[in-house]
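First comes the structure, then the notes that go with it.
The numbers here are math on the coordinates, done by the rules we state, and not lab data. Since this is a predicted model, take the numbers as computed values, not measurements. Methodologically, a virtual Cβ is constructed for each residue, glycine included, from the backbone with ideal geometry; neighbour enumeration extends over all protein chains shown.
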Amino acid sequence: MRDSKVIKRNKRDSFSYRLKRFLALSAEEKGYFLEAYFTLGVMRGVILTRPFKQITKTLEQCPASAQAPAVSEEQLATARKIGAMIETAAAHTPWESACLAKALTAWKMLQRRGIPGGFYLGAFQDQNAEETMQAHAWSQCGKNILTGAAGHEKFAVLSLFRWPAEKSRI
């Protein structure tokens, strides 16, 4: 008798489960999810094909200690929803949607809506790991971290990039 391996699929991995979850979202959340999904793909392509300096040329590089621009409660609520949908969409892309792609996606989605914010680049040296230098990116609106919050505390901030509050069609 052949040794057959039975692969148990988690109910959450099924297409019907994911579709039901998507359909349960509000119209606004569906829009944010779809925009995040496609923008993550674009940002992944940009990361792979362009130098970082070219990607960030329209952003202001600030000292890490710079105070976050003020945002209204409405802007903050929108930013939080967008951040949540970016994290959710990133978990479902067939390509790698790592922290930098998520931070760049937050930049584009918030800037389109005239919501100011920034993203941080940090590094951490782990002597016990195979790759001793690790990097991370996270986005922030006001004092709220939108993407990349998990573990960001252990990273030393190398750069902070801010975008202006005016709306962009990009």
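Using a Gaussian network model on the chain with a 10 Å cutoff between Cα atoms, which of Ala89, Ala64, Ala103 fluctuates the most?
Fluctuation is largest for Ala64.
Helix 27-49 versus the longest principal axis of the chain: what angle, 0 to 90°, nearest 10, using Cα atoms?
80 degrees
At most 14 other Cβ atoms within 10 Å plus a DSSP loop assignment makes a site exposed; report the longest stretch of the chain without any exposed trypsin sites (Lys or Arg not before Pro).
Between the exposed loop sites, the longest stretch runs 58-112.
Could you work out the relative contact order of the chain, using alpha carbon pairs under 8 angstrom and six or more residues apart, expressed as a whole percent?
25 percent
Please determine, in degrees from 0 to 90 and to the nearest 10, the orientation of helix 73-90 with respect to the longest principal axis defined by the Cα atoms of the chain, where the helix direction is its Cα long axis.
Its long axis makes an angle of about 40 degrees.
What is the Cα centroid distance between the stretch 84-105 and the stretch 111-126, reported in whole angstrom?
14 Å
Which shape class, rounded, prolate or oblate, goes with the chain when its Cα gyration tensor gives a ≥ b ≥ c as root eigenvalues, a/c under 1.5 marks rounded, and past that a/b bigger than b/c marks prolate?
oblate
Past 28 Å, Cα to Cα: identify those pairs from Lys20/Lys143; Lys81/Lys154; Lys30/Lys143; Lys30/Lys57, in the order given.
Lys20/Lys143; Lys30/Lys57
For the chain, modelled as a Gaussian network with Cα springs under 10 Å, which listed residue fluctuates most, Ile86, Ile47, Ile115?
Ile47
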